[in-house]
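Colleague: Take a look at the following structure, please.
Each value in this text was obtained by applying a stated rule to the coordinates, not by laboratory testing. Values in this document were obtained by computation on a predicted structure and should not be read as measured data. Quick reminder, even Gly has a Cβ in these numbers, built from the backbone with ideal geometry, and neighbours come from all protein chains shown.
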Amino acid sequence: MTTTSFDFKKPLESAQALMGLQTTAVTKTVELQKKAAEELTEFFKAEAEKAKNLKTPQEFVKFNIESNKALFELMKAQGEAFTALAKESSEETIAEITKLAS
């Protein structure tokens, strides 16, 4: 009778390492989402305060254009932050898989 010995340690360590990376990525994503929500909340509060002082249609149009530009820039920055996080997480995962494969 032939007995084959299988080392369960390496697959288990691999799974643990990948789950750890996944947990870290999810945690960072949640933190980034929270930060983005807080930034948007503050932005809209500040814009609402500014809007209270508008008196003419011209002021309203100017305010609306400037507000939309600022919102676009805020959302662009937030998108870039999420893109950077995705790239970082991807690179960490590829590095870990490469390490595990060797």
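Colleague: For residue 68, what is the net charge nearby, where nearby means another residue's Cβ is under 14 Å from its Cβ and Lys, Arg count +1, Asp, Glu -1?
Modeller: On the way: positive: 50, 62, 69, 76; negative: 47, 66, 73.
My count for the surroundings of residue 68 gives +1.
Colleague: Let me ask something additional. Pick out, from 85, 95, 56, the residue whose Cα sits farthest towards the positive end of the charge dipole of the chain, with +1 on the Cβ of Lys and Arg and -1 on the Cβ of Asp and Glu.
Modeller: 56
Colleague: Let me ask something additional. Kindly state, to the nearest 0.05, the FRET efficiency for residue 91 paired with residue 40, given R0 = 25 Å and r defined as their beta-carbon distance.
Modeller: It comes to 0.35.
Colleague: A further question follows. Among the lysines, which fall within straight-line cross-link reach of residue 45, defined as a Cα-Cα distance under 29 Å, with same-chain neighbours fewer than 8 residues apart omitted?
Modeller: The qualifying lysines are 28, 34, 35, 55, 62, 69, 76.
Colleague: OK, next. Relative to the first principal axis of the alpha-carbon coordinates of the chain, what is the inclination of helix 57-101, with its axis defined by its Cα atoms, in degrees from 0 to 90 and to the nearest 10?
Modeller: 10
Colleague: A further question follows. Do any chymotrypsin sites (Phe, Trp or Tyr not before Pro) in region 1-75 lie in a loop, going by DSSP, with at most 13 other beta-carbon atoms within 10 Å of their beta carbon, and if so which? Could the numbers behind the result be given before it?
Modeller: On the way: sites: 6, 8, 43, 44, 60, 63, 72; in loops: 6, 8.
The qualifying sites are 6, 8.
Colleague: With N set to the residue count of the chain, report its C-alpha Rg divided by 2.2 N^0.38 Å to two decimal places.
Modeller: Working: Rg = 24.1 Å, N = 102, 2.2 N^0.38 = 12.8 Å.
The chain yields a ratio of 1.89.
Colleague: Which angle from 0 to 90°, rounded to the nearest 10, does the C-alpha axis of helix 9-51 make with the longest principal axis of the chain?
Modeller: 0
Colleague: Okay, moving on. I need the calculated FRET efficiency for the pair residue 9 and residue 98, taking r as the beta carbon distance and R₀ as 25 Å, to the nearest 0.05. Let's see the in-between values first.
Modeller: Values: r = 19 Å, r/R0 = 0.78.
My answer for the efficiency is 0.80.
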